[in-house]
Structures are given as C-alpha cells and as structure tokens.
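Okay, so here's the structure we're looking at.
The values are calculated or read from the model by the stated rules, or taken from the named source; none is laboratory data. Computed from a predicted model, the values in this text were never measured in an experiment. All Cβ positions, even for glycine, are placed from backbone atoms using ideal geometry, and neighbour counts span all protein chains on display. These area figures cover heavy atoms from the full protein model, side chains too; ligands, DNA and RNA do not enter into them. Shrake-Rupley method; radii C 1.70, N 1.55, O 1.52, S 1.80 Å.
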Amino acid sequence: MALVFLAALVMLTSAATVWLALTRPGRESDPDAAFWYAFTGLCVLAPMVLAPAMTSKASSVLLLVLAAVCALVTHHACQRRRIRTLAHVASVQSLETLAAIGRTHEILRRRWIQYELDPAANIDFPAMRDVRVPETSALIRAVQTAAQLEQTLQAAVAVPLDDGVNEYRCAVARLAQALEAAERAAGCPAATNNQAV
C-alpha cells in the first residue's frame, strides 16, 4: 500500500515538475525559471525514487520508470496545448486581417459601382465604363481578380492560409491602384480626394 501511495506521489511530482518548467517561464519574466522548477522537482523526486532502493531495487526502478513516463506524457500534452494555442491565435489574426481587407475591398467596390450605376457619373465620366481605355480595362481585371479571390476565401471551409490572405491583400491593393489610375485618366475629382490603399 505504501508503494502505491509513493508511486502516485512520484507520478504527481514528475508531472507537476514538467508542467511548471514548461508553462511558468512564459508567464514570468525570469529566464532561469525553467531551470529552478526542474531543479526543485528533481530534488523532491530523488529521495522518493532512491529511498525504496534500500529495501528493493525493483521498486526504485519501477518508481523511476513511472516518473519518466509521466514526465514524457506531460511534456507531450504541454507541447500539443502550445501548438493548439498558437494555431488558434494565428487563425484569429488571419480572420481579423481578412475582415479588414474585406472592408477595404467593399469601399473600393462601392466607389467603382458608383460609376456603373449612377447616371450622372455615366454622363460626366464615360471613360470609367469604356474598356478601350487601358486604365479602365486594368480596373475591370483588378475588380474581377479581387472578387474571385474573395469568393475563394469565403468558400474555404477552414481558416484561410496566410498565402491566400496575402494574395487577396495584394489584389485589393492592385484594385485600389487601378481605380485611382482609371479615375485620373477619366478626369474624376474622386481621384484627388481618395487615398490609395
């Protein structure tokens, strides 16, 4: 019965030592914290593992194996938790970035649609609808590219990868530049009032 209690205590101490050594230094601003947690844990574990060796070497070896297994399992669990946390943070940042790019895209789309749907803008700036104008042709291509990337990212089941978000960001930036160039070429006053993205 004493061996079972000692085994439980060894397992608990081993797991707590590894957990403290891996998780606490990140919360504390002490670079030596991991060493001191590991050192303290080993100082507590050593007598618990070595004392039974005076009566039975097998029980001491069993306690040592239990301590090692608990340390490895705890280390693996802490690493998996850390990876999940980092993945969650990255996905939240990716979604926030995607939302910000989407808002910019929507502003640019509304600016462009004004020239398509507003009869006064059609009359005042016919070059904004004329695809024979190189700047307007480039604008239409940029609008289509940004829209396709937006649809692809919205249709994604998982959180979009950084490559997709960066590609969408570049497409929206090209759309902003193309819109500015087309407005300048058409002589629109909005070209001087709006900032490029």
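Here the condition is being farther than 30 Å from residue 165 by Cβ and modelled with pLDDT of 90 or more; of 23, 40, it holds for 40 alone. Among the residues of segment 13-40, those that are surrounded by 12 or more Cβ atoms within 10 Å (Cβ to Cβ) and more than 27 Å from the chain's Cα centre (by Cα) comprise 13, 14, 15, 16, 17, 33, 35, 36, 37, 38, 39, 40. A single entry from 161, 179, 139 fulfils the requirement of being of a type in the set (A, V, I, L, M, F, W, C) and at pLDDT below 85: 161.
Among the residues of segment 46-68, what is the count of those that are in contact (Cβ under 8 Å) with a residue 24 or more places away in the chain and open to solvent by less than 80 Å² (accessible area, probe 1.4 Å)? Give the derivation first.
We begin by selecting, within segment 46-68, every residue in contact (Cβ under 8 Å) with a residue 24 or more places away in the chain; these are 48-49, 52, 59, 62-63, 66-68.
Narrowing the set further to residues that are open to solvent by less than 80 Å² (accessible area, probe 1.4 Å) leaves 48-49, 52, 59, 63, 66-68.
Of the residues in that region, 8 qualify.
Exactly one residue out of 109, 103, 132 is within 30 Å of the chain's Cα centre (by Cα) and without any contact (Cβ under 8 Å) to a residue 12 or more places away in the chain: that is 103.
Taking segment 171-190 as the range and being within 14 Å of residue 103 (Cα to Cα) and surrounded by fewer than 22 Cβ atoms within 10 Å (Cβ to Cβ) as the test, the residues that pass are 171, 173, 176.
Just checking, does segment 69-81 include any residue being at pLDDT 90 or above, in contact with a helix residue (DSSP H, G or I) (Cβ under 6 Å, 6 or more places away or on another chain), open to solvent by less than 100 Å² (accessible area, probe 1.4 Å) and not hydrophobic (A, V, I, L, M, F, W, C)? Working first, answer last.
Going residue by residue through segment 69-81, those that are at pLDDT 90 or above are 69-81.
When the remaining residues are screened for being in contact with a helix residue (DSSP H, G or I) (Cβ under 6 Å, 6 or more places away or on another chain), the result is 70-71, 74-75, 78.
The next check asks that each one be open to solvent by less than 100 Å² (accessible area, probe 1.4 Å); those that pass are 70-71, 74-75, 78.
If we keep only those that are not hydrophobic (A, V, I, L, M, F, W, C) too, we end up with 74-75.
Yes - at least one qualifying residue is present in segment 69-81.
Pairing each residue of segment 28-40 that is without any contact (Cβ under 8 Å) to a residue 40 or more places away in the chain with any residue that is surrounded by 11 or more Cβ atoms within 10 Å (Cβ to Cβ) and of a type in the set (A, V, I, L, M, F, W, C), provided the two are 6+ apart or on different chains, yields C-beta distances under 7 Å for 34/21; 37/20; 37/21; 38/21.
When 99, 121 are checked against the criterion of being buried (at least 17 other Cβ atoms within 10 Å of the Cβ) and not acidic (Asp, Glu), 121 stands alone in meeting it.
Can you confirm whether residue 43 is assigned to a helix (DSSP H, G or I), surrounded by 13 or more Cβ atoms within 10 Å (Cβ to Cβ) and not aliphatic (A, V, I, L, M)?
Details: assigned to a helix (DSSP H, G or I): yes; surrounded by 13 or more Cβ atoms within 10 Å (Cβ to Cβ): no; not aliphatic (A, V, I, L, M): yes.
Considered against the rule, which asks whether it is assigned to a helix (DSSP H, G or I), surrounded by 13 or more Cβ atoms within 10 Å (Cβ to Cβ) and not aliphatic (A, V, I, L, M), residue 43 comes out as no.
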